[in-house]
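Below: one structure, written as structure tokens.
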């Protein structure tokens with residue numbers, strides 16, 4: 001998505017990225033970035049939480065006005081409700097799942113080979 | 001690991017995950033030293049705004065094959081209740097995407113429009129696939145998204161990767 005932001009900006013369209021993968025977005029480099037510290041999948045707010053979602057959309061617009069230079073990152077105030085376990089759980093690798101992951105990889109490579117365009 | 005609230009290191013986590021799957025070449029994420037910047041040309045309340053998502057249309061990718069994903073558009077007014085997120089990388093254990101508003105903020109922007117915070121919403125939102133090939137995104141998909149935005153007089157885009 002960072003590549004799309006760059007293209008739009010170069011054609012005169014102002015952009016703001018709303019997303020939760022801080023390191024990936026900042027590594028690419030985008031003009032304006034509202035960072036929401038949530039599990040990947042709900043960058044605009046936890047499901048069904050309309051007030052939090054409204055605050056995040058408003059914050060994205062605020063950032064459009066406030067930023068005066070590229071690579072401006074602002075972190076949204078809202079926090080993920082509940083436990084923090086999702087941070088360690090994403091793509092977890094442990095002694096208990098290595099064989100399963102290796103098998104998943106084999107299956108995936110077979111599919112990639114079968115569907116090669 | 002990361003339990004204290006520090007941001008998840010997705011690049012390192014993903015590198016290790018794909019090595020565990022048996023892939024030998026690490027993915028190289030895009031990186032640029034120079035970043036373009038377009039200031040707002042008029043007050044925000046006079047701008048036409050669009051939304052860009054990495055989700056697929058409700059019916060999923062063409063022929064059910066995520067490798068055939070392409071740029072697509074849908075109407076903001078009357079947007080589908082659900083988009084297809086099956087073939088995107090997100091945290092399928094910690095959360096879900098049954099609430100479209102958690103990744104495509106149509107209602108929130110419509111409320112901000114009604115409040116006069118923005119001038120208009122464009123007729124369409126746009127979908128751009130996340131592709132392994134950055135060249136395809138750079139040479140085909142990003143210019144196509146830009147073309148569709150310009151055709152509808154878009155001034156501002158909210159980009160929302162899943």
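Each value in this text was obtained by applying a stated rule to the coordinates, not by laboratory testing. Treat the numbers as computed from the prediction; the structure is a model and nothing was measured. Using ideal geometry, Cβ is built from the backbone for each residue, glycine included, and neighbour counts are taken over all protein chains shown.
To the nearest 10 degrees, how steep is helix B:10-20 against the longest Cα principal axis of chain B, on a 0 to 90 scale?
In chain B, helix B:10-20 runs at an angle near 40 degrees to the longest axis.
Which three extents, in whole angstrom, do the alpha-carbon atoms of chain A cover along their principal axes, largest first?
Principal extents (Cα only, largest first): 50, 40, 23 Å.
Between the helical axis of B:142-151 and the dominant principal axis of chain B, each derived from Cα atoms, what acute angle in degrees is found, rounded to the nearest 10?
10
Can you pull the Kirkwood radius for the protein assembly as shown, inverse mean 1/r over Cα pairs, to one decimal in Å?
On the way: mean 1/r = 0.0520 Å⁻¹.
Hydrodynamic radius (Kirkwood, Cα only) of the protein assembly as shown equals 19.2 Å.
Run the helix sum for the protein assembly as shown: -39,500 (n - 2.57) per DSSP H stretch of 4+ residues, divided by residue count, reported at 222 nm to the nearest 500 deg cm²/dmol.
On the way: 8 runs with 84 residues, N = 279.
Estimated from H runs of four or more residues: -9000 deg cm²/dmol.
Only Cα pairs under 8 Å and at least 6 apart count here; give the relative contact order of chain A as a rounded whole percent. All intermediate terms of the calculation are to be shown ahead of the outcome.
On the way: 123 pairs, mean separation 26.4, N = 117.
Computed over chain A, the figure is 23 percent.
Once you have all Cα-Cα distances for chain B, histogram them in 5 Å bins from zero and send the whole-percent values.
1, 7, 14, 17, 19, 17, 13, 8, 3, 1, 0
On the first, second and third principal axes, largest extent first, how far apart are the outermost C-alpha atoms of region B:89-162 in Å?
Extents along the principal axes: 40, 36, 14 Å.
With springs only between Cα atoms under 10 Å apart, run a GNM on chain B and tell me which of B:54, B:95, B:85 wobbles the most.
B:95
Quickly work out the residue A:73-to-residue A:103 label distance, labels modelled 7 Å from Cα along the C-beta direction, and quote it in nm with one decimal.
Calculated label separation equals 3.8 nm.
For chain A, set up a GNM with springs between Cα atoms under 10 Å and report which of A:43, A:81, A:95 has the largest fluctuation.
Comparing A:43, A:81, A:95 in the GNM, the peak value goes to A:95.
With contacts defined as alpha carbon pairs under 8 Å and 6 or more residues apart, what's the relative contact order of chain B in percent?
On the way: 187 pairs, mean separation 58.0, N = 162.
Rounded, it is 36 percent for chain B.
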